[in-house]
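Student: Below is a structure I'd like to ask you about.
The values are calculated or read from the model by the stated rules, or taken from the named source; none is laboratory data. As the structure is a computational prediction, the values presented were derived from the model and not from experiment. Positions of Cβ are generated from backbone atoms using ideal geometry, with glycine treated the same way; all protein chains shown enter the neighbour counts.
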Amino acid sequence: MTSTPLTATGIGDDVLTDLIDRLAGRFDGEIITPDHPEYDTARTLWNAMIDKRPGLILRCTSTADVVAAVNAAQVHGLAPAVRAGGHSVSGKAMSDGGLTIDLGGMREVTVDAERRLVHVGGGARLGDVDAVTSQHGLIVPAGIMSETGVPGLALGGGIGWFSRKYGLTCDQFVSLEVVLADGSVIEVSEEEHPELFWALKGGGGNFGIVTRFTFKAYEFGPMMRIGISLYHPEDAAEALREYAAIVPTLSRSVGWHGALKDGMPALPFVPPDLVGKRVLMLFSMWLEDAEDPAGAEVVERLGAVGKPCLQVTEVLPFAAKVQRFIDEEFADGHRYYTKEAHVTDLADEAIDTLVEFWKDMPMRGEVELIGLGGAIGDVPEDATAFSNRNYSLWLNFAMSWDDPADDEDHIARTRTIVGDLAPWIGKGIYVNMLNFDEMDRVVEAFGGPEKYARLGRVKARYDRENFFRMNYNILPVTDEE
Ligand SMILES: Cc1cc2nc3c(=O)[nH]c(=O)nc-3n(C[C@H](O)[C@H](O)[C@H](O)COP(=O)(O)OP(=O)(O)OC[C@H]3O[C@@H](n4cnc5c(N)ncnc54)[C@H](O)[C@@H]3O)c2cc1C
């Protein structure tokens, strides 16, 4: 392993002046210093628990801008943080005192409808992609809300509504344009730099800055058939038990998701008396033609489990509506603490433990049960850097509040419930959901020591000095070590 002398934080005045001089004539983006009027907006991330003050933010508008930023940073050994959507739960996208390279000016999306390819800029959000692909009756499988950044999500794997049918977002990579630590720009695909291509499918931002993704897309929509049923707390455990028995039998044309919510948002189909109420929401989606009778049957059947206080099926535009359902609930700027776990068995006792926690939890948010399986597991474990493909169910505690005085209590409660669920939790953790208190699980998130070492060899080849280390870091491993 190599250690590095690069500076992570702190930019002195001389260095700042020199950096800005070096960018002159080479950088068309915005140079945001702490005295810039947009500084506070530019340093704000999704999670208000993260309050970092970078010395400089370079908001890039093109690959050439990213190259200029990397080259200038290299002169001073400034290891940059790299920002796209800013949804990293632990705030990896922002430097504290040092340099942040922000790709927020690179959100363009273009579609090659004939070849079913979608080209996406290195700072795009999921909603940017859906807005354009829906005009062509196409989708790129990604996440469950529109504001998440494509880059962070895709480079860590990418799980969402279409995963059961088509696999992860990284499984759709056709090629990527990458700016390496030495400022060179390469195209990475199955044919060119295949080992790096493997590593980028789950290895995160460790190897370079991706300035353009080309994804495979699939025919879909633009309308989607969904089924939603809501349950009062006293009926939640029974509904979850029935659901748990049915979901293993579902075809991969059905996506599903359960959410134990502290308060039901005012979505269009929710009657006023249920708005703000603590409810279990069971949500199913038909991932084929919305008018297919088979979809109507299965969505209706899933919605009828237990004793729902509301059961609706709707056909809605995916991009404009379904993909935006939880945007408001998880908007930027609140305090958030999340914990993700891979569930091996949604046993009755596990359901009871979860429901008991949720009934009394004092914080906002939801406990999410996300149905996986299907196409995710079609890809062999060693075919991509992404690991632990064989879980059929992931559990995510997405907790939020606003008063910093609540931090200690609310974090402790969340940790305790995850501890209580230990008998039903398997190995592995999703690298994209690793939190600030889980840095000892980075090797596990990257699939364990063997896979981590393979990633380390790729890292040594493309970023020997560990320039890109403001992330869930993969240490370079050279053959001599
Ligand atoms: C509200 C919410 C909903 C979520 N939903 C889902 C979901 O449905 N499915 C899912 O799989 N995950 C989901 N996640 C987790 C998500 O995948 C990660 O938070 C991911 O890191 C977000 O990507 P981003 O671009 O917004 O992140 P950022 O915070 O901008 O960056 C995250 C990491 O990626 C690196 N990075 C960013 N851009 C680039 C680039 N262009 N090149 C190289 N490295 C880069 C950064 O350096 C950083 O280490 C969700 C997270 C939140 C907060």
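Student: Please determine whether any residue of the stretch 390-411 is at pLDDT 95 or above, in the same structural domain as Arg364 (by TED's automatic domain parsing), surrounded by 19 or more Cβ atoms within 10 Å (Cβ to Cβ) and in contact with a Pro (Cβ under 8 Å, 6 or more places away or on another chain).
Tutor: yes
Student: Still on this structure: Of everything in the stretch 70-85 that's assigned to a strand (DSSP E or B) and within 14 Å of the ligand (Cβ to nearest atom), which residue is surrounded by the most Cβ atoms within 10 Å (Cβ to Cβ)?
Tutor: Pass one, the stretch 70-85, residues assigned to a strand (DSSP E or B): 78, 81-83.
Restricting the remaining residues to those that are within 14 Å of the ligand (Cβ to nearest atom) gives 81-83.
Details: Ala81: 26, Val82: 29, Arg83: 31.
Checking each candidate, the answer is Arg83.
Student: Okay, next question. Name the pairs whose Cβ atoms lie under 7 Å apart, with the first residue in the stretch 19-36 and in contact (Cβ under 8 Å) with a residue 24 or more places away in the chain, the second of a type in the set (Lys, Arg), and 6 or more positions between them or separate chains?
Tutor: Listed by first residue and then by second, the contacts come to Gly29/Arg59; Glu30/Arg59; Ile32/Arg59.
Student: Considering only the stretch 378-429, how many residues are among the aromatic types (Phe, Trp, Tyr), under 21 Å from the mean Cα position of the chain (by Cα) and farther than 25 Å from Gln172 by Cβ? It would help to see each step written out before you state the result.
Tutor: Within the stretch 378-429, the subset among the aromatic types (Phe, Trp, Tyr) is 386, 391, 394, 397, 401, 424.
Now restrict to residues that are under 21 Å from the mean Cα position of the chain (by Cα): 386, 391, 394, 397, 401.
So of that shortlist, the ones also farther than 25 Å from Gln172 by Cβ come out as 397, 401.
Of the residues in that region, 2 qualify.
Student: Could you give every pair whose Cβ atoms fall below 8 Å, whose first residue belongs to the stretch 123-135 and is on the phi > 0 side of the Ramachandran plot, and whose second residue is assigned to a loop (DSSP other than H, G, I, E, B) and within 12 Å of the ligand (Cβ to nearest atom), counting only separations of at least 6 or pairs across chains?
Tutor: From residues that are on the phi > 0 side of the Ramachandran plot, there are no pairs.
Student: With respect to the numbered conditions (1) in a loop (DSSP other than H, G, I, E, B); (2) at pLDDT 95 or above, which one is the sole condition not fulfilled by Ile31?
Tutor: Status for Ile31: all satisfied but (1).
Student: Could you list all residues from the stretch 307-365 that are crowded, with 20+ Cβ neighbours inside 10 Å and either in contact with a Cys (Cβ under 7 Å, 6 or more places away or on another chain) or of a type in the set (Gly, Ala, Ser) (or both)?
Tutor: Ala319, Ala341, Ala350, Gly365
Student: State yes or no: is Leu58 buried (at least 22 other Cβ atoms within 10 Å of the Cβ) and within 12 Å of the ligand (Cβ to nearest atom)?
Tutor: No.
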